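J.: One structure is given below, represented as C-alpha coordinates, and several questions about it will come after.
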Amino acid sequence: MARGEPGVPASFRWRDREWEVAEVLETWKEHGDCTHGSGERYVRKHGFRLRTTDGAVFKVYFQRHFGKARRGGRWWIQSMADQAPPAKGNQRQ
(Lines give C-alpha, C1' and ligand atoms only; values in the text may rest on other atoms or scores of the structure.)
Protein backbone atom coordinates (compact mmCIF):
# COMPACT_ATOMS: atom_id res chain seq x y z
CA MET A 1 0.00 0.00 0.00
CA ALA A 2 1.44 3.34 -1.03
CA ARG A 3 1.65 6.15 1.48
CA GLY A 4 -1.70 7.89 1.94
CA GLU A 5 -3.74 5.26 0.11
CA PRO A 6 -6.60 3.54 1.93
CA GLY A 7 -6.26 -0.18 2.52
CA VAL A 8 -8.86 -2.32 0.78
CA PRO A 9 -11.19 -3.82 3.39
CA ALA A 10 -11.10 -7.60 3.84
CA SER A 11 -14.89 -7.53 4.09
CA PHE A 12 -17.79 -5.08 4.19
CA ARG A 13 -21.48 -5.05 5.10
CA TRP A 14 -24.07 -4.08 2.49
CA ARG A 15 -27.82 -4.77 2.44
CA ASP A 16 -27.71 -6.74 5.69
CA ARG A 17 -25.07 -9.10 4.32
CA GLU A 18 -21.35 -9.52 4.95
CA TRP A 19 -19.30 -9.60 1.73
CA GLU A 20 -15.78 -11.02 1.88
CA VAL A 21 -13.23 -9.66 -0.61
CA ALA A 22 -11.36 -12.35 -2.55
CA GLU A 23 -9.31 -10.19 -4.93
CA VAL A 24 -8.76 -6.71 -6.29
CA LEU A 25 -9.38 -6.69 -10.06
CA GLU A 26 -8.64 -3.05 -10.84
CA THR A 27 -7.68 0.23 -9.15
CA TRP A 28 -7.96 3.88 -10.18
CA LYS A 29 -7.70 7.40 -8.79
CA GLU A 30 -9.66 10.58 -9.44
CA HIS A 31 -7.97 13.94 -8.96
CA GLY A 32 -9.30 17.39 -8.18
CA ASP A 33 -7.97 20.93 -8.01
CA CYS A 34 -6.94 22.57 -4.75
CA THR A 35 -9.86 24.46 -3.21
CA HIS A 36 -7.60 27.32 -2.09
CA GLY A 37 -6.46 28.36 -5.56
CA SER A 38 -2.85 27.15 -5.42
CA GLY A 39 -3.08 25.30 -8.73
CA GLU A 40 -2.09 21.98 -7.15
CA ARG A 41 -4.09 18.81 -7.78
CA TYR A 42 -4.94 16.20 -5.16
CA VAL A 43 -6.30 12.66 -5.18
CA ARG A 44 -9.98 12.89 -4.22
CA LYS A 45 -11.07 9.27 -4.74
CA HIS A 46 -9.38 5.87 -4.71
CA GLY A 47 -11.43 3.36 -6.69
CA PHE A 48 -11.35 -0.43 -6.67
CA ARG A 49 -13.10 -3.17 -8.62
CA LEU A 50 -13.36 -6.15 -6.26
CA ARG A 51 -14.43 -9.78 -6.60
CA THR A 52 -16.01 -11.32 -3.51
CA THR A 53 -15.60 -14.93 -2.41
CA ASP A 54 -18.96 -15.85 -3.98
CA GLY A 55 -18.02 -14.29 -7.35
CA ALA A 56 -19.91 -10.96 -7.18
CA VAL A 57 -18.03 -7.95 -8.55
CA PHE A 58 -18.26 -4.57 -6.82
CA LYS A 59 -16.95 -1.16 -7.77
CA VAL A 60 -16.19 0.72 -4.56
CA TYR A 61 -14.33 3.90 -3.82
CA PHE A 62 -12.88 5.79 -0.90
CA GLN A 63 -13.70 9.49 -1.06
CA ARG A 64 -11.22 11.59 0.88
CA HIS A 65 -13.49 14.57 1.58
CA PHE A 66 -17.25 14.58 1.49
CA GLY A 67 -20.04 16.91 2.41
CA LYS A 68 -19.62 20.29 4.03
CA ALA A 69 -17.38 19.00 6.82
CA ARG A 70 -14.45 18.32 4.46
CA ARG A 71 -12.92 16.03 7.07
CA GLY A 72 -11.90 12.40 6.98
CA GLY A 73 -13.06 10.05 4.31
CA ARG A 74 -15.70 7.48 3.58
CA TRP A 75 -16.20 4.27 1.57
CA TRP A 76 -18.96 4.11 -1.07
CA ILE A 77 -20.32 1.33 -3.29
CA GLN A 78 -20.59 2.53 -6.89
CA SER A 79 -22.03 -0.62 -8.46
CA MET A 80 -22.47 -4.36 -8.02
CA ALA A 81 -22.63 -7.07 -10.68
CA ASP A 82 -24.05 -10.49 -10.02
CA GLN A 83 -21.91 -13.55 -10.26
CA ALA A 84 -20.46 -14.46 -13.63
CA PRO A 85 -22.88 -16.24 -15.99
CA PRO A 86 -22.66 -20.04 -16.13
CA ALA A 87 -20.33 -21.70 -18.60
CA LYS A 88 -21.86 -22.50 -22.06
CA GLY A 89 -22.32 -26.17 -21.29
CA ASN A 90 -24.41 -25.41 -18.21
CA GLN A 91 -26.90 -22.93 -19.75
CA ARG A 92 -30.61 -23.75 -19.56
CA GLN A 93 -32.68 -23.63 -22.74
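The values are calculated or read from the model by the stated rules, or taken from the named source; none is laboratory data. Note that this is a predicted model, so its numbers are computed, not measured. Every residue, glycine as well, gets a Cβ built from its backbone with ideal geometry; the counts of neighbours run over all protein chains shown.
J.: Can you run down the residue pairs with Cβ atoms below 8 Å, 6 or more apart or on separate chains, where the first is in segment 34-58 and touching a residue at least 40 places away in the same chain (Cβ under 8 Å) and surrounded by 13 or more Cβ atoms within 10 Å (Cβ to Cβ) and the partner is among the aliphatic types (A, V, I, L, M) and part of a loop (DSSP other than H, G, I, E, B)?
T.: Within 8 Å, the pairs are Phe48/Val8; Leu50/Val8.
J.: Of all residues being surrounded by fewer than 17 Cβ atoms within 10 Å (Cβ to Cβ) and more than 15 Å from His31 (Cα to Cα) in segment 59-72, which is modelled with the lowest pLDDT? Just the residue, please.
T.: Step by step, filter segment 59-72, then rank; the result is Gly67.
J.: Suppose we keep only residues that are of a type in the set (D, E, K, R) and in a strand (DSSP E or B) within segment 34-49. Which one would you say is farthest from Ser79 (Cα to Cα)? Quick ask: steps written out before the conclusion?
T.: Residues of segment 34-49 that are of a type in the set (D, E, K, R), as a first pass: 40-41, 44-45, 49.
Narrowing further to those that are in a strand (DSSP E or B): 41, 44-45, 49.
Working: Arg41: 26, Arg44: 19, Lys45: 15, Arg49: 9 Å.
Looking at residues that are of a type in the set (D, E, K, R) and in a strand (DSSP E or B), I get Arg41.
J.: Could you check, for segment 11-33, whether at least one of its residues is out of contact with any Cys (no Cβ under 8 Å at 6 or more places or on another chain), touching a residue at least 12 places away in the same chain (Cβ under 8 Å) and assigned to a loop (DSSP other than H, G, I, E, B)? Walk me through it before giving the result.
T.: Of segment 11-33, the ones out of contact with any Cys (no Cβ under 8 Å at 6 or more places or on another chain) are 11-33.
Checking which are touching a residue at least 12 places away in the same chain (Cβ under 8 Å) leaves us with 12, 14, 19-32.
Filter once more, keeping what is assigned to a loop (DSSP other than H, G, I, E, B): none.
No, segment 11-33 has no match at all.
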